[in-house]
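Engineer: First, the structure itself, so that you have it in front of you.
The values are calculated or read from the model by the stated rules, or taken from the named source; none is laboratory data. Since the structure is predicted, the reported quantities are computational estimates derived from the model, not experimental observations. Note: ideal-geometry Cβ built from the backbone for every residue, glycine included; neighbour counts use all protein chains shown. Note: areas computed on protein heavy atoms with side chains; ligands, DNA, RNA excluded. Shrake-Rupley method; radii C 1.70, N 1.55, O 1.52, S 1.80 Å.
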Amino acid sequence: MVSLSVQLARHKKAPRYSAIRSKHFWVNQFDCSHLRPLIICRGPVRKEAMDVFESIGITEYGILLSEKDSIIYARALAPELKCIRDPKYIHRIADYSGVNQVERQQCIETIIQIAKTHHYNAIFAGYGFMAEEEMLVSAIESAGLIFIGPSSHVVRSAGRKDQAKAIARTCNVSVVPGIDDLSVLTLLDKASTQAALLQLAKENKLELPALLLEKADSEKALAELLLLCGQEQGIDCFTIEALCQQAVKQLMTLCAQFPTHRIRFKHTGGGGGKGQRIAAAASSFSGDSVNQLQQAAAQAPSLVREILSEMKMLGPGDNKNILMELNCETTRHQEIQLIGNGEWCISLGARDCSAQRHEQKLLEVSQTQEDLVSALVGAEQLGLKEQAASLLQEQLILARMEEEAVRFGQAVDLNSVSTFECIVDGANHYFMEVNTRIQVEHRVTEGVYALLFTNPQSNEEDPEAGNFFIVDSLIELMVLLACHGERLPKPKRIPRAKSCVEARINATNDALQPHAGGVITDWSNPIEAE
């Protein structure tokens, strides 16, 4: 019998799901070759998905090509386009998502129709914002298609930043100080009682489901119901101006509590630097404390409007909720990789992505318990007390973040891959948001961990016995979870390497501002280190 540690050291010879799927009954039951996925994202993740699909026996898949793609890829090699065996698997579409709710719905209907017409049975959305569009995921599920990613109930509860923070509080997860219900507060300012809220719904011809109305046992719950129904029916119960004025009031309150902190405004559907703005700290303005607060609060309306415009949320029924929270200045940004099948949930360490420019990550560094413990032991043996103390603190913080991440994942019945994002401030950490999708930097996690799936009826780890297999690709894992999630046993994370780093090159102009200029002239597949 070959030991598991030896197999992992010789990774290419390790028993992977894709390599041995047809040799053994237990492994073969998790075959995914029946999938015909339609890939509705662009860029490197599209090419990666194609490579993964091929490696696990999925040979028929298609991709979308939008008008924007047609312009960009005329100036690039676009390797994923060159790898398509037959042009019939390339499907034209005007855009992946529209500028408002009506256009988004039309785009979704077009995508579903393409999938149905060309006999695709699954859809993969990569790490674009479409991957976190609840409307899209719900439509895919309603059409009887498989979504390779978290299901709509996970996107609904964890993907929206306001909902996620509310759930986090119920799970005893530490959150950043601030507010996450600006739209609810705006509505309650307009109608503060249940009777007034019901009258407001009547005036706006808003239909409220009787079953949900019975459960709305407080003013806040009823306001949340009005907002939810308004989004579904394309109706606003408050104006953007009212939202801006509420933001002024809340910003003044936050600045009074934390006068030396800047305040981050963030749309509940934003991420990756999109849909975010930062208000200057009150202490940065001149005058006495009253004047400082007034000047700080005056920033709110323009920030709110900029965010709504950037997120294309200016239309009736669009989700206009914005979070306002402390922008902790001396923090590090860390994210915990989560996977689950709806019953079990495990974490795969952290990725430190503190090095950023223009809210875009520049460097991703893995952080694992195994690596921290090893470094801690080494520091103690060398008598480096300060370094050892710092490493111990890092280890304890990571343990708490992973524990909270798993608790959150179980609370939302996570059934795919997601990322639990935190900021670390000294010895403290705060939960920020969950990305219910694969991340650009997912390969950093793949570099340090593989997943061991073992037949619950056997403890044998002999590759010839076919009682276990190893997955080292998160996209492959997403496919497995989409096809066989409920039957997959809880895996064990297996260290592959002590650490992994990803450096990202962001295109900029001479002023170091984001700019997509330039021509791609060459590309290569990742080269595996020996």
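Engineer: Just the number, please: carbon plus sulfur as a percent of the accessible area of region 93-225, 1.4 Å probe, no ligands or DNA/RNA counted.
Structural biologist: Values: 3180 of 6060 Å².
Its accessible area is 52 percent carbon and sulfur atoms.
Engineer: Which helices count as membrane-span-like in the chain under these terms: full DSSP H, at least 27 Å along the axis by C-alpha, Kyte-Doolittle mean of -0.5 or more?
Structural biologist: For the chain, where a helix must reach 27 Å along its axis and average at least -0.5, the hits are 385-411.
Engineer: Which order do peptides 316-329, 204-217, 147-160 fall in by mean Cβ count within 10 Å, highest first?
Structural biologist: 147-160, 316-329, 204-217
Engineer: Nearest 20 debye, what's the magnitude of the dipole of the chain about its Cα centre given +1 on Lys and Arg Cβ and -1 on Asp and Glu Cβ?
Structural biologist: Details: 53 positive and 66 negative charges, 123 e Å.
Charge dipole of the chain: 580 debye, to the nearest 20.
Engineer: For mean projected area of the Cα convex hull in nm², the choices are [x] 28.2; [y] 50.8; [z] 26.9; which was calculated from the structure?
Structural biologist: [x]
Engineer: If the only charges are +1 at each Lys and Arg Cβ and -1 at each Asp and Glu Cβ, what is the size of the charge dipole of region 213-305 around the Cα centre, to the nearest 20 debye?
Structural biologist: Result for region 213-305 is approximately 540 debye, rounded to the nearest 20.
Engineer: Cα-Cα over 26 Å: which of Lys274/Lys320; Lys88/Lys312; Lys161/Lys220; Lys361/Lys498; Lys88/Lys116?
Structural biologist: Violating the 26 Å Cα-Cα cut-off are Lys88/Lys312.
Engineer: How would you rank 89-101, 443-455, highest first, on the average number of other Cβ atoms within 10 Å across their residues? Show your work: numbers first, answer last.
Structural biologist: Numbers: 89-101: 16.3, 443-455: 21.7.
For the peptides 89-101, 443-455, the packing ranking is 443-455, 89-101.
Engineer: Once the dipole of the chain is set up with Lys and Arg at +1 and Asp and Glu at -1 on Cβ about the Cα centre, which of Leu185, Ile423, Ala355 lies farthest towards its positive end?
Structural biologist: Positive-most Cα among the choices belongs to Ala355.
Engineer: Next question. Which aspartates and glutamates does Lys47 reach when only Cα atoms under 16 Å apart count, and residues fewer than 8 places away in its own chain are ignored?
Structural biologist: Here the aspartates and glutamates satisfying the reach criterion relative to Lys47 are Glu60, Asp69, Glu80, Asp86, Glu441, Glu476, Asp522.
Engineer: Over the chain, give the accessible area per residue in Å² for a 1.4 Å probe, as an integer.
Structural biologist: Dividing the accessible area of the chain by its residue count gives 45 Å².
Engineer: Could you work out the helix-only [θ] at 222 nm for the chain, with each DSSP H run of four or more residues adding -39,500 (n - 2.57) and the total divided by the number of residues, to the nearest 500 deg cm²/dmol?
Structural biologist: Mean residue ellipticity, 222 nm, calculated: -11500 deg cm²/dmol.
Engineer: List the relative contact order of the chain as a percent without decimals, with contacts defined as Cα pairs under 8 Å and 6+ residues apart.
Structural biologist: Contact order relative to length: 17 percent.
Engineer: Leaving out ligands, DNA and RNA, what percent of the accessible area of region 229-355 is carbon and sulfur, probe 1.4 Å?
Structural biologist: 53
Engineer: If you don't mind, there's one more thing I want to ask. Heavy atoms only, probe 1.4 angstrom, no DNA, RNA or ligands counted: give me Cys83, Cys500, Cys32 ranked by accessible area, highest first. Display every interim value, and only then the final one.
Structural biologist: Working: Cys83 65, Cys500 30, Cys32 0 Å².
So, going from the largest accessible area down, we get Cys83, Cys500, Cys32.
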